[in-house]
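Colleague: Shown below is the structure under consideration.
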Amino acid sequence: MHKEQVLALLKQEAPNAKIDIAEFGITLEVPSSDWLSTIEKLYNSPQLKLKKLKVLTVRANTFLWAELGSELINERVSISCPAPSSENKIPSIQYLWPLADWFEREIFSVWGIKIEGAESP
Amino acid sequence: MSTTIIHESNLMLASSSAGYHGLILEEDGGIITKAKIKFGYTHRQLEACMRAVPYTMANAFAEKADFLAAPFYAFVYSAAVEAVGNIIVPPRGKKIRSILLELCRIQSHIFFLSQIARSLGLTQIHQFCLREREKYCDLFELYCGSRLGFGAILIGGVAEESTDGFLFKCEKTLRDGREFLIEIQEAFINNPILQSRLRGLAYIRKEVVMRLGITGPNARASGVFFGDFPSGSLNNGDSLSRFSQRVEEIKHSLNAVEKELNLPEGAYSVDVDDKFSPRKTNVLTNVEGPRGQINVLLFSSGNNRAEQVRLVPPSYASLRHVDDLLLGVHIDDAALIINSLDISFSEVDR
């Protein structure tokens, strides 16, 4: 699948996302409130099938950052959202990827970002 | 029902790993009814250290993530820095890297065989495998001074020129490696103890591999293939399949090293100093290590230090499934199951 096709599909699945086309991949930036719903759409999209979670981490102490992978597309796709304030929580993505629990545990332990519904922390 | 708390100190568990871990088991009549693996006791904050020093120095921290796959971590981190910094590695340097990586894969897999032998109580085969592995450590020592390959791969290429003596010794070690495989086939792989203990033990289904993101030999043993790695004689996902997959990969790596021994002329490295400052961007690189796909996510900030580095070890995904694999098996098989997954706690607690 060409980069343009991937971009069109990403725009279709995540219309509210700010899409940045960088040299080494495509990044979608979404508001915290759209974090889970956007990831769900990308995961369930029959054309994209972004069903692999390569890494979930925090960038610059302020942004949640996930690297997604798919067997159908050869593009690197990342999704990020601003970390919520200390009173708020971000929803867990463990039900999509069980592996995310240890990433989420680390996000809580190292950066203090609270994850709602996370098993380990 | 009784609760048994087992630590590495009193039962040999996942001894192929550096670092400590705990395994809390509940057992009923010797059958495990609940298992919870715990780790994080020796987290070294390698990624924080890597952010605190220039790119060239951070390489030394990256390779400490897993002592059994040090050149792989150095390679994947270097590849990330080379990508953001537009550094072109000379062809000779690339070939030497390939040789070092495949040699490292062989020694890691032989270490795996030795740990399985030890779990089964086959101490002579355990020693036999370790003796063979020493030959690969000798090669690394000859090349870079470190028996585990620390400092062999640097940003921009490799640490040293490969001498004729090194290449000659590589050829000899490859010949020995083929003989080793013949002997190990008769003494170990056809051993009824190994066959009866590993066959049907700790199945990992294809769907679980996909769901948990397990990669490397553990995934290939369950019939999930990425890249051009060979298939073992068995692909049904049990411990015996994981064992035979690694034996097959040793053969594959021996052939791969042999093909790379004709090195092109030219430089083996380009100079990169500690003032090297790539542009502000981010990159994700990966390499197929001995335990699966190693990912590095690097954010460069425009100066000589990384803004963020994240090493993603493959053992992470395999370890996630240990709790489920141990349910319903005999307590005696716990160590064997963990060893069959070839988990490195060193890279998990990086």
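The values are calculated or read from the model by the stated rules, or taken from the named source; none is laboratory data. Quick caveat, the model's predicted, so the values are computed rather than measured. Methodologically, a virtual Cβ is constructed for each residue, glycine included, from the backbone with ideal geometry; neighbour enumeration extends over all protein chains shown. All accessible areas refer to the heavy atoms of the entire protein, side chains included, with ligands and DNA or RNA removed. Shrake-Rupley method; radii C 1.70, N 1.55, O 1.52, S 1.80 Å.
Colleague: So is B:Gly151 touching a residue at least 60 places away in the same chain (Cβ under 8 Å) and not in a helix (DSSP H, G or I) or not?
Modeller: The answer is yes for B:Gly151.
Colleague: What's the total number of residues in the range B:180-197 that are part of a helix (DSSP H, G or I), exposed (fewer than 15 other Cβ atoms within 10 Å of the Cβ) and not aliphatic (A, V, I, L, M)?
Modeller: Looking only at that region, the number is 6.
Colleague: Oh, and also: So which residues in the range B:302-322 are of a type in the set (Gly, Ala, Ser) and within 9 Å of another protein chain (Cβ to nearest Cβ)?
Modeller: Correct list: B:Ala317 only.
Colleague: Also, quick follow-up: Hey, could you check the range B:305-325 for residues that are within 17 Å of B:Pro217 (Cβ to Cβ) and among the hydrophobic types (A, V, I, L, M, F, W, C) and say which is surrounded by the fewest Cβ atoms within 10 Å (Cβ to Cβ)?
Modeller: That would be B:Val322.
Colleague: Next up: So if I check each of B:Gly266, B:Gly302, B:Gly328, which one is surrounded by fewer than 20 Cβ atoms within 10 Å (Cβ to Cβ), farther than 30 Å from A:Ile26 by Cα, of a type outside the set (Ser, Thr, Tyr) and not assigned by TED's automatic domain parsing to the domain that holds B:Ile184? So that I can check it myself, show each step before the final result.
Modeller: Details: B:Gly266 fails: not assigned by TED's automatic domain parsing to the domain that holds B:Ile184; B:Gly302 fails: farther than 30 Å from A:Ile26 by Cα.
After ruling out the rest, the residue left standing is B:Gly328.
Colleague: Oh, and also: Go through the range B:154-170 and give me each residue that's at pLDDT 90 or above, out of contact with any strand residue (DSSP E or B) (no Cβ under 8 Å at 6 or more places or on another chain) and either part of a loop (DSSP other than H, G, I, E, B) or over 18 Å from B:Glu260 (Cα atoms) (or both).
Modeller: B:Ile155
Colleague: Hey, can you tell me all the residues within the range B:198-218 that are within 12 Å of another protein chain (Cβ to nearest Cβ) and surrounded by 23 or more Cβ atoms within 10 Å (Cβ to Cβ)?
Modeller: Result: B:Gly213, B:Ile214, B:Thr215.
Colleague: For the range B:60-72, give me each residue that is in a helix (DSSP H, G or I) and in contact with a Gly (Cβ under 8 Å, 6 or more places away or on another chain).
Modeller: Filtering the range B:60-72 down to residues in a helix (DSSP H, G or I) leaves B:60-62, B:70-72.
Of everything in the range B:60-72, those that are in a helix (DSSP H, G or I) and in contact with a Gly (Cβ under 8 Å, 6 or more places away or on another chain) turn out to be B:Ala60, B:Ala70, B:Pro71, B:Phe72.
Colleague: Say whether the condition of being more than 13 Å from chain B (Cβ to nearest Cβ) and open to solvent by less than 40 Å² (accessible area, probe 1.4 Å) is met by at least one residue in the range A:55-74.
Modeller: Scanning the range A:55-74, I find at least one residue that is more than 13 Å from chain B (Cβ to nearest Cβ) and open to solvent by less than 40 Å² (accessible area, probe 1.4 Å), so the answer is yes.
Colleague: Can we say B:Ala69 is under 21 Å from B:Ile343 (Cβ atoms) and modelled with pLDDT of 90 or more?
Modeller: yes
Colleague: Here's something else I'd like to know. Given the criterion closer than 30 Å to B:Ser239 by Cα and among the aliphatic types (A, V, I, L, M), identify the matching residue among B:Leu297, B:Leu319.
Modeller: B:Leu319
Colleague: For B:Glu27, indicate whether it is at pLDDT below 85, touching a strand residue (DSSP E or B) at 6+ places or on another chain (Cβ under 9 Å), of a type in the set (Asp, Glu) and buried (at least 17 other Cβ atoms within 10 Å of the Cβ).
Modeller: yes
Colleague: Next up: Considering each residue of the range B:120-138, count those that are open to solvent by 30 Å² or more (accessible area, probe 1.4 Å) and either part of a helix (DSSP H, G or I) or among the β-branched types (Val, Ile, Thr) (or both), and give that number.
Modeller: So the count comes out to 9.
Colleague: Before we move on, is B:Lys94 outside the structural domain of B:Thr281 (by TED's automatic domain parsing), surrounded by fewer than 19 Cβ atoms within 10 Å (Cβ to Cβ) and farther than 17 Å from B:Leu154 by Cα?
Modeller: no
Colleague: Could you list all residues from the range B:219-246 that are in contact with a His (Cβ under 9 Å, 6 or more places away or on another chain), in contact (Cβ under 8 Å) with a residue 24 or more places away in the chain and open to solvent by 10 Å² or more (accessible area, probe 1.4 Å)?
Modeller: B:Phe229
Colleague: Same structure again: Check whether at least one residue in the range A:26-42 is open to solvent by 10 Å² or more (accessible area, probe 1.4 Å), within 14 Å of chain B (Cβ to nearest Cβ) and either within 22 Å of B:Met210 (Cα to Cα) or at pLDDT 85 or above (or both), and report yes or no.
Modeller: Checked the range A:26-42: at least one residue is open to solvent by 10 Å² or more (accessible area, probe 1.4 Å), within 14 Å of chain B (Cβ to nearest Cβ) and either within 22 Å of B:Met210 (Cα to Cα) or at pLDDT 85 or above (or both).
Colleague: Against the conditions (1) at pLDDT 85 or above; (2) more than 14 Å from the chain's Cα centre (by Cα), where does A:Ala60 fall short? Just the number, please.
Modeller: Just one mismatch for A:Ala60, condition (1).
Colleague: Out of A:Lys11, A:Lys49, I need the residue that is among the charged types (D, E, K, R) and surrounded by 14 or more Cβ atoms within 10 Å (Cβ to Cβ). Which one? Spell out the reasoning first.
Modeller: Details: A:Lys11 fails: surrounded by 14 or more Cβ atoms within 10 Å (Cβ to Cβ).
Among A:Lys11, A:Lys49, only A:Lys49 is among the charged types (D, E, K, R) and surrounded by 14 or more Cβ atoms within 10 Å (Cβ to Cβ).
Colleague: Further, regarding this structure: What are the residue pairs meeting all of these: first residue in the range B:54-75, first residue free of Cβ contacts under 8 Å to residues at least 40 places away in the same chain, second residue assigned to a helix (DSSP H, G or I), Cβ atoms under 6 Å, and 6 or more apart or on different chains?
Modeller: B:Phe61/B:Leu46; B:Phe61/B:Cys49; B:Phe61/B:Met50
Colleague: Would a scan of the range A:16-23 turn up a residue that is buried (at least 17 other Cβ atoms within 10 Å of the Cβ) and more than 14 Å from chain B (Cβ to nearest Cβ)?
Modeller: We begin by selecting, within the range A:16-23, every residue buried (at least 17 other Cβ atoms within 10 Å of the Cβ); these are A:17.
Filter once more, keeping what is more than 14 Å from chain B (Cβ to nearest Cβ): A:17.
Yes, the range A:16-23 contains a residue that is buried (at least 17 other Cβ atoms within 10 Å of the Cβ) and more than 14 Å from chain B (Cβ to nearest Cβ).
Colleague: To continue, here is another question. Quick one: would you say A:Ser86 is under 17 Å from B:Gly213 (Cβ atoms), open to solvent by 10 Å² or more (accessible area, probe 1.4 Å), away from chain B (no Cβ under 13 Å) and in contact with a Gly (Cβ under 8 Å, 6 or more places away or on another chain)? Quick ask: steps written out before the conclusion?
Modeller: Numbers: under 17 Å from B:Gly213 (Cβ atoms): no; open to solvent by 10 Å² or more (accessible area, probe 1.4 Å): yes; away from chain B (no Cβ under 13 Å): yes; in contact with a Gly (Cβ under 8 Å, 6 or more places away or on another chain): yes.
So A:Ser86 does not fit the description; no.
Colleague: Same structure again: Would you check if there is a residue in the range B:42-57 being aliphatic (A, V, I, L, M) and over 22 Å from A:Glu106 (Cβ atoms)?
Modeller: Within the range B:42-57, the first condition is being aliphatic (A, V, I, L, M), and the residues that meet it are B:46, B:48, B:50, B:52-53, B:57.
Restricting the remaining residues to those that are over 22 Å from A:Glu106 (Cβ atoms) gives B:57.
Looking through the range B:42-57, at least one residue is aliphatic (A, V, I, L, M) and over 22 Å from A:Glu106 (Cβ atoms).
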